[in-house]
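J.: First, the structure itself, so that you have it in front of you.
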Amino acid sequence: MSRKSASAPDAIAAPRWGALDLAEGLQLGHALSTLHDLGVLAALSTPRTVEDVAGACRLDPALLAATLDFAAARTTLVRKQGKRFVADAGVAPEARFVLDLYAGAFGANAVALPELLRHPARAGARVDRRRHANAFLHAPGGAEAMPAALLAQLGSGGVLDLGCGPGALLAALAVANPQLRGWGIDANPGMCRLARARLRASGVARRVRILAGDGRMPARLLPADARARVDTIVAGDLANELFAVRDAAPAWLRRLRRDFPGRMLLVSDYYGRLGHAGRTTPALRETLLHDYVQAISGQGIPPPDRRAWQAVYRAAGARLVHCIEDTSTTRFLHLVGL
């Protein structure tokens, strides 16, 4: 999915849960996601009584009290102070992002698992695209810094960002380089609205254009004169969506080579873990969660290491020129010659 949906830092090895953990986790996750959706967590940015919040949010006070008591007893997101409750640190943006993304945007996929196990092709339609876009209102910032620095070193003046998400990378590039021209493509109209708003706020909207459409086939959206101005293509967490169907990733790369011959492609993505046998490094919880969401949303799980990704590039006639790997996560940057 779009770039901020890739795996978070792999700092803690994944625990193995028993039946009680699983049942409790299901109920807690749904409870906190619901409190977030109904505005309760936002209302608890300062300590308030149950009666006060129930009145403001039009909820039953007795059931709300039980839900908040449960959340306060078993999570770090809600605390009880006497007769009042408060959402810890107003529920940090990173926590809201995780709830919106994994419990919100992909929640329906989890519920629909019985259907999807029989009809996996229906998975994509279950993703809540509006919730996915809204998650990025709270997404942690800074992920664009490393790709932006590399693109600056390359002297990129015409950048096409496939799966541009909320436009953070294009905005950063355009602010830093007054000569830059950019184009962003995202399949989610909500993401496109966020990206356009960010570009307007950054004062660079005249030099960067956002298009709603399929980033796997950019030549259908980008006019010939714009294609001629592109010197660098960025695919941020787009390629990881192409591994549910055999040979989809090489086919996408071959189209890019045909439509943008000789350009450089910067792939910003992550190494998958689920289903890849023989791994010597432990499979860690954030990566496992994201891999599972990739699977139940119809995107597939990406290759597990540089060698496997190189095989994908070679199959399309492309070559890996440079590689930067984050040793604390499975994130990477691959510079690929088309």
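The values are calculated or read from the model by the stated rules, or taken from the named source; none is laboratory data. From a predicted model like this one, the values you see are computed outputs, not experimental measurements. Here Cβ is always computed from backbone atoms with ideal geometry, including for glycine, and neighbour counts include all displayed protein chains. Ligands, DNA and RNA are excluded from the accessible area calculation, which covers all protein heavy atoms including side chains. Shrake-Rupley method; radii C 1.70, N 1.55, O 1.52, S 1.80 Å.
J.: Would you mind telling me which numbered condition in (1) without any contact (Cβ under 8 Å) to a residue 24 or more places away in the chain; (2) in a helix (DSSP H, G or I) ALA172 fails?
T.: All conditions are met except number (1).
J.: Here are some conditions: (1) in a helix (DSSP H, G or I); (2) among the small types (Gly, Ala, Ser); (3) free of Cβ contacts under 8 Å to residues at least 24 places away in the same chain. GLY142 meets all but one. Which one does it not meet?
T.: Among (1) in a helix (DSSP H, G or I); (2) among the small types (Gly, Ala, Ser); (3) free of Cβ contacts under 8 Å to residues at least 24 places away in the same chain, the lone unmet condition for GLY142 is (1).
J.: Could you tell me whether LEU41 is within 24 Å of the chain's Cα centre (by Cα) and open to solvent by less than 60 Å² (accessible area, probe 1.4 Å)?
T.: yes
J.: Sticking with this structure for a sec: Please specify each residue of region 286-308 satisfying the condition of being under 30 Å from GLY104 (Cβ atoms) and either more than 16 Å from the chain's Cα centre (by Cα) or in a strand (DSSP E or B) (or both).
T.: Once the filter is applied, which keeps residues that are under 30 Å from GLY104 (Cβ atoms) and either more than 16 Å from the chain's Cα centre (by Cα) or in a strand (DSSP E or B) (or both), region 286-308 yields PRO303, PRO304.
J.: Hey, another quick one. Please go through region 226-252 and pick out each residue that is within 24 Å of ALA143 (Cα to Cα), aliphatic (A, V, I, L, M) and over 17 Å from the mean Cα position of the chain (by Cα).
T.: Passing the criteria: VAL230, ILE233, ALA249.
J.: Another one. Can you confirm whether region 270-283 contains a residue that is modelled with pLDDT of 95 or more and part of a helix (DSSP H, G or I)?
T.: Looking for residues that are modelled with pLDDT of 95 or more and part of a helix (DSSP H, G or I), one finds none in region 270-283, hence no.
J.: Might you check whether a residue that is open to solvent by less than 30 Å² (accessible area, probe 1.4 Å), in a strand (DSSP E or B) and in contact with a strand residue (DSSP E or B) (Cβ under 9 Å, 6 or more places away or on another chain) occurs anywhere in region 316-333?
T.: Checked against the condition, which is being open to solvent by less than 30 Å² (accessible area, probe 1.4 Å), in a strand (DSSP E or B) and in contact with a strand residue (DSSP E or B) (Cβ under 9 Å, 6 or more places away or on another chain), region 316-333 yields at least one hit.
J.: Follow-up. Based on this model, can you work out whether GLY82 counts as at positive phi, surrounded by fewer than 23 Cβ atoms within 10 Å (Cβ to Cβ) and not aromatic (Phe, Trp, Tyr)?
T.: In short, yes.
J.: Something else now. Of (1) part of a helix (DSSP H, G or I); (2) modelled with pLDDT under 95; (3) surrounded by 15 or more Cβ atoms within 10 Å (Cβ to Cβ), ASP52 satisfies all except one. Which?
T.: (2)
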